[in-house]
1. Go through the residues of the range 96-113 one by one and say whether even a single one is small (G, A, S) and at pLDDT below 80.
2. Take the residues of the range 425-464 that are free of Cβ contacts under 8 Å to residues at least 40 places away in the same chain and small (G, A, S): which is nearest to Q495 (Cα to Cα)?
3. Taking Q414, is it under 19 Å from L320 (Cα atoms) and surrounded by fewer than 22 Cβ atoms within 10 Å (Cβ to Cβ)?
4. Mind checking which residues of the range 124-148 are under 45 Å from the mean Cα position of the chain (by Cα) and at pLDDT 60 or above?
5. Is one or more of the residues making up the range 363-384 modelled with pLDDT of 95 or more, surrounded by fewer than 23 Cβ atoms within 10 Å (Cβ to Cβ), over 21 Å from V541 (Cβ atoms) and in contact with a Pro (Cβ under 9 Å, 6 or more places away or on another chain)?
6. Take L676 and tell me if it is modelled with pLDDT of 95 or more, within 20 Å of T545 (Cβ to Cβ) and not hydroxyl-bearing (S, T, Y).
7. Within 27 Å of P483 (Cβ to Cβ) and hydroxyl-bearing (S, T, Y) - does that describe any residue in the range 658-671?
Amino acid sequence: MSEENGKKTKRSAKRVFTLILSYLLFCVMGGVVASGVVMPAVVGAGAVTRAIQPQMSAGLEDVNFDLEDLPQQSRMYASDGTTLIATFYTQNRIIVPLKDISQVMQQAVVAREDRRFFQHGGVDPTGVLRAFVQTYISRGDTQGGSTLTQQYVKNILIDQATNSNDPIAAYHAREDTIARKIREMLLSVQLEKTYSKAEILQGYLNIAQFGSGVYGVETAARRYFNTTASKLTLGQAATIAAITKNPQAFDPTLHPEAAQEQRDIVLSLMLNQGYATQQQVDEAKAVSMQDMLNVQNVPVGCQTAGDAAYFCDYVVNKILSSAQFGETRADRTKLLYQGGLNITTTMDVTAQNVASQAVRNVIPEDDPSGLESILAAVKPGTGEVLALAQNRTYDAAADGSDPTHTAVNYAVDQEDGGAQGILPGSTFKPINLVSWMQNGHYANEMLPTSTSYANNSFPCNSTTAGVWRVQNATGGTVSPESPFQGILRSHNTTQASMAQRIGLCAIADTATSLGYHNAITSQSDIHDTLFAPMVIGSLNVAPLTMANVYATIAANGVKCDPIAISKVEKDGKEYEVPSANCAQAIPSNVAQTTAYVLNQSATRGLATSINLPNRKVYAKTGTAEDYFLSGAAFTNGVSVFGVAGNMESQIPLTGRTIKGVTRRQWYGEHIAGPMLRQFLNDYTSQANIPDDPNYGQADNTLMNGNGRSSSTSRSENRDSSSNQSNSNAQNQNSPARNDDEDEDE
């Protein structure tokens, strides 16, 4: 193209723009702009006009101006409804009404962005002409000439396109063209006829970007000054109002000098426009930006939840997998990160704090042993998860380089962000007792025991060939022995004898009714993993599941599904949340009798390390294959399960030094016992939970059958065990070999 032709083209473009501008101003000032307006014939030809005409038909019906549909941060709270756990967002925004935005903040943004805001009808002819002359006649810096209403429209269009995953629309909403400007002008005039000035100002203050990753004036107030939009002072308001011109360059946390310079410009504008006195402006300018700021780190996701991070992660996984929050996972993710939800969880702040202390007291995070300690607590009769803790720092980006950091929540199922579970060991044995009594037997019934059981003698055993060799932790067996004694002494051979008589299917049915399931997603149903060693805990289960099983026994036989969310709402609208589905799972007398046996385990059995002197405790400890040290317990108001071990790879605990102590043989009573004891003592005392000394009344028939007197025999052998088969210890996904000699605590 020749230089002369280039000049002609530029003159032609200016002429076209002048005609369009003249027509637009005529329409605006004459009040005839409406949806579907047609351009005059004088500009009906040419590429520029063809680009503009489709935009001229835009109307308000094509744009959603509902502030509640803007991306807003969601907030997760503890059960008290006030303790903030975490915040989630793609755009960090909190919507507030205009009445909750200080007057000086409203005045500051009007002074900075649109001094004639309260006089024009959506498009300011004076501003447009000034911008046109500066940009196209004087050839100075590009001037926008946009009113607050136009800026509000632009932001809405961009946001609507982004939320609709429409990159083309998003591009057109941002492109620097005449077509976009005219569309914004048309929509702005229509908007002013539909909404009040107050509504438009409210919308702008909530949608505008006030810094890097900061959207809306409420978030800006909290971010920069640790206050609310309603309490912003003159200097603070001027600082925030100045940012919108260039959210990155004028962010006071990134460029404080530039931010102070822009603040002072806004203060001068407010003085000139009568929004502030000379004295007020001088006083505000006298304060340095550094002295004004009180910067707060805006929390983002579970990474910032501290000791509650693993509980937070569990809640997030529940939201993303629950149909109540959307048809697809993508829908649920969008709701969580853009929906402005207020999520109240079941997390008890006291329980969570105590649990976090207990897991670190028993094994410090940086202990040379490298072992993890995990704790899960549930409120019996409700399904409410009170706490989830582990002696690790939650780190969503953990790559294994720092063994004290992980994103894996070892307390929960695989599908909820956990791993493959832990081996429960002897803590599974009370399930056998419940099944035993439900199937017509009694706790003091004497049974012959052996160290060798034919696999085909167990009803429902998946393996019928060969022999299952099993012994007690100290070797050999005790014969005869009752199930009651088998719990107090934690003997394996008695469990085998019980299973031989009632069958593995019966035990699996009971386990399921109590709330048991395996942690591995593909093997969740215990009926799919039936093999004899399961009766001594040769399974993969999440600590939370075991805490919930014991909660069923603690709640008079009422089983509830674990729940972590009690309420989800947005502006008074409540969402349906997952239900605990509480129902009577086992008869009350069976639950009470089992509780009696567990109390005896805590007071004169092998779980005395968990017992408390001032309240009634019910407990069982376990040691699984020399890999996991576990314990389960409940008292009035709380059920808890704790475990210690190497969760990443199974490393034998024999001879290990843990917290400076070396033992040839470690048992659940050494680690899990003190951990649960501390938790139960501290939580019940700090939460003022009363004791219930009347719970755990044994049914005489279930204990003795035909009204015989109950057994008073004391435990003679140590509770210790190294749970299940050796092959299963090497691979949690495969059943134990049935020809091994199994030991358990």
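1. No, that holds for no residue.
2. By that ranking, first place goes to S452.
3. In short, yes.
4. S146, T147, L148
5. Checked the range 363-384: no residue is modelled with pLDDT of 95 or more, surrounded by fewer than 23 Cβ atoms within 10 Å (Cβ to Cβ), over 21 Å from V541 (Cβ atoms) and in contact with a Pro (Cβ under 9 Å, 6 or more places away or on another chain).
6. For L676, the condition - modelled with pLDDT of 95 or more, within 20 Å of T545 (Cβ to Cβ) and not hydroxyl-bearing (S, T, Y) - is met.
7. The answer is yes; a qualifying residue exists.
Yes/no per residue for (1) over 30 Å from G557 (Cα atoms); (2) among the basic types (K, R); (3) in contact with a Leu (Cβ under 8 Å, 6 or more places away or on another chain):
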| position | (1), (2), (3) |
| --- | --- |
| L335 | yes, no, yes |
| V349 | no, no, no |
| P364 | yes, no, no |
| T382 | no, no, no |
| L388 | no, no, yes |
| D395 | yes, no, no |
| D416 | no, no, no |
| Q420 | no, no, no |
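The values are calculated or read from the model by the stated rules, or taken from the named source; none is laboratory data. Since this is a predicted model, take the numbers as computed values, not measurements. Glycine gets a Cβ as well: all are built from the backbone with ideal geometry, and neighbour counts include every protein chain shown.
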